[in-house]
Amino acid sequence: MEALVLEPDLKLAIRDIELTEQLGPHDVRIKIHTVGICGSDVHYYQHGAIGPFVVDAPMVLGHEAAGTIEEVGCEVTHLKLGDRVCMEPGIPDPNSRATREGIYNLDPAVRFWATPPIHGVLRPSVVHPAAFTFKVPDSVSFGEAAMVEPLAVGMHAANKAKIKPGSVAVVIGAGTIGMVTALSALAGGCAQVIIADVVQPKLDLAATLGPIRPVNVKQENLSDVVMQLTDGWGADIVFECSGNERAIAGVFEPLCPGGCVVLVGMPGAPVALDIVAAQIKEARIETIFRYAHVYPRALALMGSGQLNLKPLITDRFGFKDSQQAFDFACNMPATSVKAQIEM
Ligand code: ZN
């Protein structure tokens with residue numbers, strides 16, 4: 001089939017590639033409609049590897065996807081032909097210990113789209129387990145449905161934070177993940193989110209998404225703003241979504257005593273964390289890796305109109321312009337958040 005293939009020499013092109021997929025009794029075949037371009041796709045395109053995952057054979061890119069059911073395995077009961085769906089891109093071994101412990105995202109055997117050696121979904125169709133395929137509410141577009149994948153990261157972070165209604169949260173970083181984390185924090189009950197970045201257009205957009213106070217850390221001190229807004233107490237939760245070394249070094253400063261820091265952003269190399277600063281506040285520190293079973297709740301929030309991802313979809317490309325879309329994503333203008341490809 002015709003797919004967007006990244007070669008080991010980092011050449012990217014639409015070409016024919018042999019992908020043999022058998023529809024098992026518990027699988028569905030999905031006609032792909034929309035695929036978002038993720039930072040990881042761009043990273044593979046630019047560098048050919050993320051940590052231990054190396055593109056050493058041709059690989060189809062793309063893992064943030066939505067589409068329509070076009071074939072259903074004989075044992076599948078909750079999906080039918082024509083259903084609009086989005087898919088969780090990581091499939092664990094159902095019999096693994098991690099899966100049985102309820103932490104299937106940490107299964108070492110997980111097969112995740114567009115993570116070598118597993119092909120992604122910038123192609124006409126894919127066979128996928130029905131259990132990891134989710135019906136999309138009528139009011140939710142394919143573009144929004146493809147955004148459930150990054151949203152799931154923010155939802156998982158909000159779950160880990162154990163938000164109480166009325167909490168104040170800080171989100172460091174106003175990229176896609178920072179934005180969806182801010183929205184998840186509000187959906188989880190936060191009264192206010194304070195979002196920090198250095199890129200003013202992203203902060204301006206974030207401020208339109210809800211009770212979100214933007215802080216441009218080139219102009220204002222984040223901790224000063226947080227202390228001012230919380231009568232000197234600090235934020236209940238700090239979501240670190242930048243992966244930036246300096247941001248991580250100061251992550252406990254805006255936190256309240258007994259508060260929680262969730263480390264979401266992935267630094268490119270080991271960085272320093274101020275243990276004593278954490279101890280003085282008895283900070284709870286949480287980390288996340290992807291997400292586990294948050295798609296149904298994400299889709300429920302979107303279907304009820306309580307969580308709107310539309311403003312984050314800033315750029316759209318046709319499949320034939322995929323190469324151009326990736327070159328755009330490599331040099332995203334400050335006003336862009338998420339670029340998507342429509343098949
Ligand atoms: Zn992604």
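Key figures
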{"read-out": "Filtered residue count, region 187-221, keeping only those that are of a type in the set (A, V, I, L, M, F, W, C) and either assigned to a helix (DSSP H, G or I) or touching a His at 6+ places or on another chain (Cβ under 7 Å) (or both)", "value": "5"}
{"read-out": "Out of Lys164, Lys160, sole residue that is more than 16 Å from Leu263 (Cα to Cα), assigned by TED's automatic domain parsing to the domain that holds Cys256 and among the charged types (D, E, K, R)", "value": "Lys164"}
{"read-out": "Residue that is surrounded by the most Cβ atoms within 10 Å (Cβ to Cβ) [pool: residues in region 74-91 that are within 16 Å of the chain's Cα centre (by Cα) and not in a strand (DSSP E or B)]", "value": "Glu88"}
{"read-out": "Subset of region 79-95 (residues that are of a type outside the set (A, V, I, L, M, F, W, C) and closer than 12 Å to Arg111 by Cα)", "value": "Glu88, Pro89, Gly90, Pro92, Asp93, Pro94"}
{"read-out": "Strands (runs of 3 or more DSSP E) completely within region 1-73 that count 1 or more residues being closer than 13 Å to Val121 by Cβ", "value": "2-6, 27-36, 64-72"}
{"read-out": "Residue within region 230-245 that is in contact (Cβ under 8 Å) with a residue 24 or more places away in the chain, surrounded by fewer than 21 Cβ atoms within 10 Å (Cβ to Cβ) and of a type in the set (S, T, N, Q) present", "value": "yes"}
{"read-out": "Residues (within 16 Å of the ligand (Cβ to nearest atom) and either at pLDDT 95 or above or touching an Asp or Glu at 6+ places or on another chain (Cβ under 7 Å) (or both)) located in region 29-39", "value": "Ile32, Thr34, Val35, Gly36, Ile37, Cys38"}
{"read-out": "Helices (runs of 4 or more DSSP H) wholly inside region 266-343 containing at least 2 residues that are under 16 Å from the mean Cα position of the chain (by Cα)", "value": "295-303"}
{"read-out": "Options Gly82, Gly90, Gly73: the member that is within 30 Å of Gly48 (Cα to Cα) and in the same structural domain as Leu19 (by TED's automatic domain parsing)", "value": "Gly90"}
{"read-out": "Single residue of region 59-73 satisfying the filter (more than 16 Å from the ligand (Cβ to nearest atom) and either over 22 Å from Ile30 (Cβ atoms) or of a type in the set (A, V, I, L, M) (or both)) that is surrounded by the most Cβ atoms within 10 Å (Cβ to Cβ)", "value": "Ile69"}
{"read-out": "Residues being in contact with a helix residue (DSSP H, G or I) (Cβ under 6 Å, 6 or more places away or on another chain) and under 30 Å from Gly268 (Cα atoms) - total across region 47-86", "value": "7"}
{"read-out": "Number of the exception - Pro267 against (1) at pLDDT below 95; (2) assigned by TED's automatic domain parsing to the domain that holds Val140", "value": "(2)"}
{"read-out": "Some residue of region 40-53 being farther than 12 Å from Ala114 by Cα, within 16 Å of the ligand (Cβ to nearest atom), surrounded by 19 or more Cβ atoms within 10 Å (Cβ to Cβ) and within 19 Å of the chain's Cα centre (by Cα)", "value": "no"}
{"read-out": "Residue match in region 10-28 (condition: within 16 Å of the ligand (Cβ to nearest atom), at pLDDT 95 or above and assigned by TED's automatic domain parsing to the domain that holds Phe134)", "value": "no"}
{"read-out": "Residue within region 250-259 that is assigned to a strand (DSSP E or B) and loosely packed, with under 14 Cβ neighbours inside 10 Å present", "value": "yes"}
{"read-out": "Selection within region 222-236 - β-branched (Val, Ile, Thr) and in a loop (DSSP other than H, G, I, E, B)", "value": "Thr230"}
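The values are calculated or read from the model by the stated rules, or taken from the named source; none is laboratory data. Note that this is a predicted model, so its numbers are computed, not measured. Reconstructed Cβ throughout: ideal geometry from the backbone, glycine too, with neighbour counts over all protein chains shown.
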